[in-house]
Amino acid sequence: MAWLGWSWWVVVLAVPMAVVSARTGFLGHDAGHRQIAASHRVNRWLGYLLGNLMLGMGYGWWNDKHNRHHANPNHVGKDPDVGEGVFVWTREQAAKRQRGFAGWMARRQAWVFFPILLLEGLNLQVSTALDLRRLPVRQRLLEGSLVAVHAVGYVALAFTLLSPGKALVFMAVHQGLFGVHLGCAFAPNHKGMAMPGPGERWDHLRRQVLTSRNVRGGVVTDYLLGGLNYQIEHHLFPSVARPNLRRLQPVVREHCERVGLPYVEAGLFASYRQALGHLDDVGSGARG
């Protein structure tokens, strides 16, 4: 950045920086699941450093939200990832959005899904800041301080190495692509899969397998999706280290076949089509 700071070509460096940020996020995810170290304390501190300090994303906020997702994936009212927000995930949610901008968004949510992901990086940081009030004082000071160091360091570095205009464009491209990269890794995992109804109680195996979709591919897919393409295995055994999920897959697939449980796996682009198809189908409930 210092070498190319005089040229607008420096903005191109925002692309690999977004990839590095996503890799950092995936490592933070691993730390949150205690996959990296044997010690819970070491994993927690890795989460603070990778999340709060490196990304400005709160480890405490993310861990609480993600644990609730793992406990009840795709279960409305229990999984925060399918709660009402920018997008709607069920016909019942869509039926509440018949008018105004919310209705317009719901009807077109499949088309605006990927463009909205450009704001996901910013959303993670804003959600972190808003959640700090919920934390105990000691944890609030720790996490808030690390997030503040990240924000000040990030902005100071950009405006020191670049002119104000280039710095703003660089940060916008970096944060936008970072959000898209993360969203592309998380989107295929559960969208369009089974959603337990109100009052339904599934056993652990059904709850994790029927709501999850694996993404077929090789080492490139493993790298781009941070190992989350083995979503079924990850949900069944969340503390298993990422490199071992591929080895675990044949065992899980064989067991699902033995007990007659569907084991859903799709190619990368097919998984996106299925996820977007679900969003479009649900959004039709806001069309009157």
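Remarks
- When both segment 113-168 and segment 198-234 are represented by their alpha-carbon centers, they are found 29 Å apart.
- Taking the longest Cα principal axis of the chain as reference, the axis of helix 268-283 is set at about 80 degrees.
- The smallest convex shape that holds all Cα atoms of the chain, its convex hull, gives 153 Å³ per residue.
- Proximal lysines to Lys191, defined as alpha-carbon separation beneath 18 angstrom and excluding residues fewer than eight positions away on the same chain: Lys65, Lys78
- Using 0.36 nm per residue and subtracting the Cα-Cα separation, the extra length available between Asn123 and Glu200 on full extension is 24.6 nm.
- Per principal axis, descending, Cα span of segment 31-120 in whole Å: 50, 27, 16
- Rounded to whole Å, sorted largest first: equivalent-ellipsoid semi-axes of segment 6-75, Cα gyration tensor: 28, 15, 10
- Segment 165-288 - convex hull of alpha carbons, volume per residue in Å³: 161
- Charge-dipole axis of the chain as Lys and Arg at +1 and Asp and Glu at -1 on Cβ define it, positive-most pick from Gly218, Val15, Met57: Met57
- A convex hull fitted around the alpha carbon atoms of segment 248-288 yields 82 Å³ per residue.
- The listed peptides 24-33, 49-58, 93-102, ordered by packing as a protection proxy, come out as 49-58, 24-33, 93-102 (highest mean of other Cβ atoms within 10 Å first).
- Modelled FRET efficiency - R0 45 Å, Val259 with Arg134, Cβ distances, 0.05 increments: 0.65
- Full-stretch length increase - Ala38, Ala241 - with 0.36 nm per residue and alpha-carbon distance subtracted: 72.0 nm
We did not get these values from a lab; they are worked out from the coordinates using the rules stated. None of these values were measured; they are calculated from a predicted model. Please note: Cβ atoms are built from the backbone with ideal geometry, for glycine as well, and neighbour counts cover all protein chains shown.
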